[in-house]
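Bear in mind these aren't lab numbers, they're just calculated from the coordinates by the rules spelled out. Keep in mind the model is a prediction, meaning the values are calculated, not measured. Reconstructed Cβ throughout: ideal geometry from the backbone, glycine too, with neighbour counts over all protein chains shown.
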Amino acid sequence: MQFEASPDERAVACYRDALLAATVAAPGAHDLLGGLARRGRRLAVVTNAYDAGAQHRRVEATGLAEHLDAVVIAIEVGRFKPDPGLLQEAALRLGTAAAHCVAVGDSVDLDVAPARAAGMTSVLVGPVDHPSADAWVPDLGVLYGALSRPAASSGRAD
């Protein structure tokens, strides 16, 4: 038995509008990306999204787009994390070698592992550290604070 559902276009539009309105940047993201951009760092967002148009609108809605040099969306590249090719594409768009990139994410499987496989330094963000990450911070505010100190050291932050 096969079921076919014909979504009400008004309901779908309402859902999309509500999702867009609820889209906010992670705490600390504005300070972190703004600070890095002011230092001349090239920045990209890499996402496993399959809805490119909506994803571009969500990036704009966060207010982070002004700091970004690239938005790399999996469906547009044809590769999805954990494939390291998606992160390698980001390095290519930023005009640098993957070895010069730092990938920051909240998933060991979908952020840390592909970053390491791509030859990038990985920073895991979240409540729990993991040995496969090159560095760990509990949140982006801590990462921004560590990078803002004059002689920021690498490694784990508390």
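Tell me the relative contact order for the chain as a rounded percent, counting alpha carbon contacts under 8 Å between residues six or more apart.
Working: 235 pairs, mean separation 27.3, N = 158.
Relative contact order here is 17 percent.
For a quick check: sort VAL24, VAL128 by the number of other beta carbons within 10 angstrom, fewest at the front.
Working: VAL24 11, VAL128 8.
By the 10 Å Cβ count, ascending, the order reads VAL128, VAL24.
Could you check which residue among ALA146, ALA74, ALA22 shows the biggest mean-square fluctuation in a GNM of the chain with a 10 Å Cα cutoff?
ALA22
Let me know the shape class of the chain, please: from the alpha-carbon gyration tensor, a ≥ b ≥ c as square roots of the eigenvalues, rounded when a/c is under 1.5, otherwise prolate if a/b is greater than b/c, or oblate.
Values: a/c = 1.87, a/b = 1.62, b/c = 1.16.
Prolate shape, in that a/c is at least 1.5 and a/b is the bigger ratio.
Quick one: angle between helix 9-21 and the longest Cα principal axis of the chain, in degrees between 0 and 90, rounded to 10, please.
The helix 9-21 is inclined about 20 degrees to the chain.
Per residue of segment 133-150, in order, report the coupling 6.51 cos²θ - 1.76 cosθ + 1.60 (Karplus, θ = phi - 60°) as ³J(HN,Hα) in whole Hz, putting x for Gly and Pro.
Computed from phi, the couplings for segment 133-150 are 7, 5, 8, 9, 9, x, 7, 5, x, 5, 4, 4, x, 5, 6, 7, 5, x Hz.
Mind checking which of VAL77, TRP136, ALA25 is farthest towards the positive end of the chain's charge dipole, using Cβ charges of +1 (Lys, Arg) and -1 (Asp, Glu) about the Cα centre?
In the chain, that residue is TRP136.
Which value in nm describes the separation of the simple spin-label points at ARG93 and ARG41, placed 7 Å from the Cα toward the beta carbon?
Placing both labels 7 Å beyond Cα along the Cβ direction yields 1.8 nm.
Through the Karplus equation 6.51 cos²θ - 1.76 cosθ + 1.60, θ set to phi - 60°, convert the phi angles of segment 56-68 into ³J(HN,Hα) values in whole Hz; use x for Gly and Pro.
4, 5, 5, 4, 4, 5, 6, x, 7, 4, 4, 9, 9
Return the single residue from GLY95, GLY119, GLY63 with maximal mean-square fluctuation; model: Gaussian network over the chain, springs between Cα atoms under 10 Å.
Of GLY95, GLY119, GLY63, the most mobile in the Gaussian network model is GLY95.
Place a +1 charge on the Cβ of each Lys and Arg in the chain and a -1 charge on the Cβ of each Asp and Glu, then give the dipole magnitude about the Cα centre in debye, rounded to the nearest 20. Mind dumping the intermediate values first?
Numbers: 14 positive and 19 negative charges, 123 e Å.
Computed charge dipole of the chain: roughly 600 debye.
Extension gain THR23-VAL102, at 0.36 nm per residue separation less the Cα-Cα distance, in nm? Don't jump to the answer; show the numbers that get you there.
On the way: separation 79, 0.36 × 79 = 28.44 nm, distance 2.44 nm.
Result for the pair: 26.0 nm of gain on full extension.
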